[in-house]
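The values are calculated or read from the model by the stated rules, or taken from the named source; none is laboratory data. These numbers were taken from a predicted model, which means no experiment stands behind them. For neighbour counting, all protein chains shown are included, and Cβ atoms are generated from backbone atoms with ideal geometry for every residue, glycine included. Heavy atoms of the whole protein, side chains included, go into the accessibility calculation; ligands, DNA and RNA do not. Shrake-Rupley method; radii C 1.70, N 1.55, O 1.52, S 1.80 Å.
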Amino acid sequence: MSQDNNGIKAKLFRWYQENQRVLPWRGSKDPYKIWLSEIIMQQTRVAQGTPYYLKFVEKYPLVTDLASADEQEVLKLWQGLGYYSRGRNLLKAAQQIVFEYKGVFPCEYNEVIKLKGIGPYTAAAIVSIAYNKPHAVLDGNVYRVLARLYAIEIPINAPQARLVFQKQADALLDKKNPGVFNEAMMELGATVCLPKNPDCPNCPVLSYCKAYKSGSQNILPRKLASRSVKTRYFHYLMIKKSGKFYIRQRLAGDIWQGLFELPLIETNEVDFLTINQINEILDTKITFLKPIQKTMHKLTHQHLEIVFYEADMATPIRDNGQILTDNKGLKQYPLPRPLELFLNDYLCKPDSIS
DNA sequence: GATGCGTGGTA
DNA sequence: TTACCAAGCAT
């Protein structure tokens, strides 16, 4: 078995040398840049995350630059990437590094994992790639590669999976070059050992793959059924007031924490809102209401049916926290994707604001 | 330890 | 079109 593992590693390393993609953060030993790339790439495709990595490195070349930013500014740069807690935690961790570690990135796994937003995967990735420490990463790619290589039937999202797969990853890890090994395993999963229709003919470790041997590469890894999607109904009001309009910041405990949006009414119904309903909900006097756009926005476990309205009211909204802004001022506010799309479209129309 | 958190690509 | 899911983490 140990012989098999040596063979796997040799084939994997050779394949990685010849087939690795060129990525902006590859080859860097700067823990700050490795950390940045790892956070940005969590649950994110390389093509989607890469422009954000480049933006962040340019705007914040050093961890001290990032630590002195404010949250709204970081979220604005993060806008459109999703999972915004990553952006908020990125800032907190930068401040931890500056104030608790004097600006020097910690190099021990047990210290790195204490940083906000860094869990077992990211800590292992950073210390193995930046400092060549022997910690095996376990991400979606590695789970899939290991499940097939060793024909592991335990669902990868089952509670006991982490322990079992970590054991396999640790056993296979190349202790001399853990960083390259980790990157090679992930690269194999990302480019060859794909979730659907894996490219087995081009796999460097095909001869060791138990799943391939038994023809089960298309049903592994197993996965427990995910929970259902719920639908929510959002009604956004474009309320204009002397060339400006109202926005407000979303709070903790729901999607899009820290981002900004138009005044929102959420209902349990698909229907359009009436003036009377809004007057009751907001305790105000609506003088004009017109639905102008309807859209569906899909999150992983929520489907949002969104209606945008133009509205006028006799008195301003009582609710504190409302901000008046205009087309130009809006640029500093991070927006959820559907709000960004709507406002871009709406505000570029002549006469939209008057 | 189960659940919540985005967006966009792919088949 | 729908379903899956991509370099996970916090609570």
Which of the residues spanning the stretch A:83-134 are away from DNA strand B (no atom under 16 Å from the Cβ), at positive phi and in contact (Cβ under 8 Å) with a residue 12 or more places away in the chain?
A:GLY103, A:ASN132
Exactly one of these conditions fails for A:TRP256: (1) in contact with a helix residue (DSSP H, G or I) (Cβ under 8 Å, 6 or more places away or on another chain); (2) at pLDDT 95 or above; (3) within 12 Å of DNA strand B (Cβ to nearest atom). Give me its number.
(1)
Pick from A:VAL98, A:VAL137, A:VAL127: which is hydrophobic (A, V, I, L, M, F, W, C) and within 10 Å of DNA strand C (Cβ to nearest atom)?
A:VAL137
Sort through A:LEU224, A:LEU163 and tell me the only one that's outside any loop (DSSP other than H, G, I, E, B), within 16 Å of DNA strand B (Cβ to nearest atom) and open to solvent by 20 Å² or more (accessible area, probe 1.4 Å).
A:LEU163
For A:ILE247, are the conditions met, namely being outside any helix (DSSP H, G or I) and surrounded by fewer than 21 Cβ atoms within 10 Å (Cβ to Cβ)?
no
Leading residue by the ranking (farthest from DNA strand B (Cβ to nearest atom)) among those in the stretch A:44-82 that are open to solvent by less than 30 Å² (accessible area, probe 1.4 Å) and not in a helix (DSSP H, G or I):
A:TYR60
Residues (away from DNA strand C (no atom under 14 Å from the Cβ) and surrounded by fewer than 16 Cβ atoms within 10 Å (Cβ to Cβ)) located in the stretch A:252-274:
A:LEU264, A:GLU266, A:ASN268, A:GLU269, A:VAL270, A:ASP271, A:PHE272, A:THR274
Enumeration of residues in the stretch A:174-191 that are within 16 Å of DNA strand B (Cβ to nearest atom) and open to solvent by less than 10 Å² (accessible area, probe 1.4 Å)
A:GLY189
Failed item in (1) within 11 Å of DNA strand B (Cβ to nearest atom); (2) open to solvent by 50 Å² or more (accessible area, probe 1.4 Å), with A:SER207 passing the rest:
(1)
Screening A:TRP25, A:TRP15 for residues that are farther than 30 Å from A:GLY253 by Cβ, in the same structural domain as A:MET186 (by TED's automatic domain parsing) and assigned to a helix (DSSP H, G or I) leaves only A:TRP15
Return the residues of the stretch A:145-177 that are within 15 Å of DNA strand C (Cβ to nearest atom) and closer than 14 Å to A:TYR16 by Cβ; say none if nothing qualifies.
A:VAL145
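Per-residue answers, yes or no, for (1) surrounded by fewer than 16 Cβ atoms within 10 Å (Cβ to Cβ); (2) over 22 Å from A:LYS230 (Cα atoms):
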residue: A:GLN277; (1), (2): no, yes
residue: A:ILE286; (1), (2): no, yes
residue: A:PRO291; (1), (2): yes, yes
residue: A:THR295; (1), (2): yes, no
residue: A:LYS298; (1), (2): yes, no
residue: A:GLN302; (1), (2): yes, no
residue: A:ASN320; (1), (2): yes, yes
residue: A:TYR333; (1), (2): no, yes
residue: A:LYS349; (1), (2): yes, yes
Sole residue being among the β-branched types (Val, Ile, Thr) and over 28 Å from A:VAL46 (Cα atoms), chosen from A:ILE255, A:ILE281, A:ILE219:
A:ILE281
Among A:ASN110, A:ASN157, A:ASN197, which is of a type in the set (S, T, N, Q) and in a helix (DSSP H, G or I)?
A:ASN110
Right, A:TYR236: in contact (Cβ under 8 Å) with a residue 24 or more places away in the chain, open to solvent by less than 60 Å² (accessible area, probe 1.4 Å) and within 16 Å of DNA strand B (Cβ to nearest atom) or not?
yes
If A:ASP312 passes every condition in (1) of a type outside the set (S, T, N, Q); (2) within 17 Å of A:MET238 (Cβ to Cβ); (3) open to solvent by less than 50 Å² (accessible area, probe 1.4 Å) but one, which one does it miss?
(3)
Do we find that A:LEU36 is over 22 Å from A:ILE113 (Cβ atoms), modelled with pLDDT of 95 or more and either near DNA strand C (Cβ under 8 Å from one of its atoms) or open to solvent by less than 30 Å² (accessible area, probe 1.4 Å) (or both) in this structure?
no
